[in-house]
Amino acid sequence: MSVIDDLVGEFAKLPGVGPKTALRLVYHLMKGTPDEARRLAGGIRELADRVRPCGVCGYFAEDGRCDICLNPSRDHSTICVVEEAFEVGAVERTGTYRGVYHVLGGHLSPLDGIGPDELSISALERRVEESGVSELILATSSGVEGQATAVYLEGLFRPKGVRVTRPARGLPVNSDLEYVDGSTLSEALAGRKEM
Ligand SMILES: [Zn+2]
C-alpha cells in the first residue's frame, strides 16, 4: 500500500493537515472518479511547472510577469510593498486598490540573519529609479519587525523624492494582512499617512 502511504505523507506536510486529515483526503479521492483525482494532480503539476515569482514584483506569475504588472489600467506609479506574495491576494480582494505591488520576501530580522540583502530591496530600488514611482505604501506587518522594516525603507526612499506612506491605524497589532478583513484593510489603505 505504499502509493496510499506516500500520498498520505505528502498531504500531511501541508499546513493545517495532520495525518488523520491526510488519510481522509486520500480516501475521499479514492471514492471519487479517477478523473477527479487526475484533475487535482494536473493542477498541482501545472502549478509546479508554470507558476513562478513575477520578475518585476515577486507576486505569482505564469509567464514571467504577473497579471497585475501586465495590466496597463493599473497605476504603475504607486507601489504597495508587502512582505509575502499571499498578502497581495488579501489587498486585491478589497477590490479598491489600483496600484501595483512589491513583495519583499519577509521582513528585517537581524536575529535570524535577515538583513536588507536577504529581501528584494535592491530590486525595489531599481524599480523606483527606472520607472517613475511616486508613492510607496509600506504595508509591512504591524509587529516590531514589520515596523522596523518600514522605517528602514522610509529612510532609503524618502531622500529619493518618493512619497512614503503607511496604512492608517486600524490594522490589529501583530496581525498579518491576510487575516485582516477586507473593509478594515480597504479603510486602512485609503487613510494611509505620510511616515
Ligand atoms: Zn508582478
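The values are calculated or read from the model by the stated rules, or taken from the named source; none is laboratory data. Nothing here was measured: the structure is a model prediction, and the numbers come from that model. Note that we place each Cβ from the backbone using ideal geometry, even for glycine, and neighbour counts take in every protein chain shown. Each accessible area value is taken on the protein alone, full model and side chains, heavy atoms only, with ligands, DNA and RNA left out. Shrake-Rupley method; radii C 1.70, N 1.55, O 1.52, S 1.80 Å.
Here are a few things to note about the model shown:
- Subtracting the Cα-Cα distance of ARG45 and ASP75 from their residue separation scaled by 0.36 nm leaves 7.5 nm.
- Under the criterion of Cα pairs below 8 Å and six or more residues apart, the relative contact order for the chain equals 15 percent.
- Cα-based equivalent ellipsoid, the stretch 74-195: semi-axes from gyration tensor eigenvalues, Å: 20, 18, 13
- Evaluated over the stretch 57-114, the Cα radius of gyration and Dmax, each in Å: 12.5, 41
- Distance cut-off 29 Å, percentage of C-alpha pairs in the stretch 1-153 lying past it: 37
- Accessible heavy-atom area order of SER142, SER109, SER73, highest first, probe of 1.4 Å: SER73, SER142, SER109
- Sorting the segments 57-64, 77-84, 159-166 by their residues' average number of neighbouring beta-carbon atoms within 10 angstrom, most packed first, yields 77-84, 57-64, 159-166.
- Set of lysines with alpha-carbon distance to LYS160 below 30 Å, sequence-local pairs under 8 removed: LYS193
- Per-residue SASA entry for LYS193, accessible area with 1.4 Å probe, Å² rounded to 10: 120
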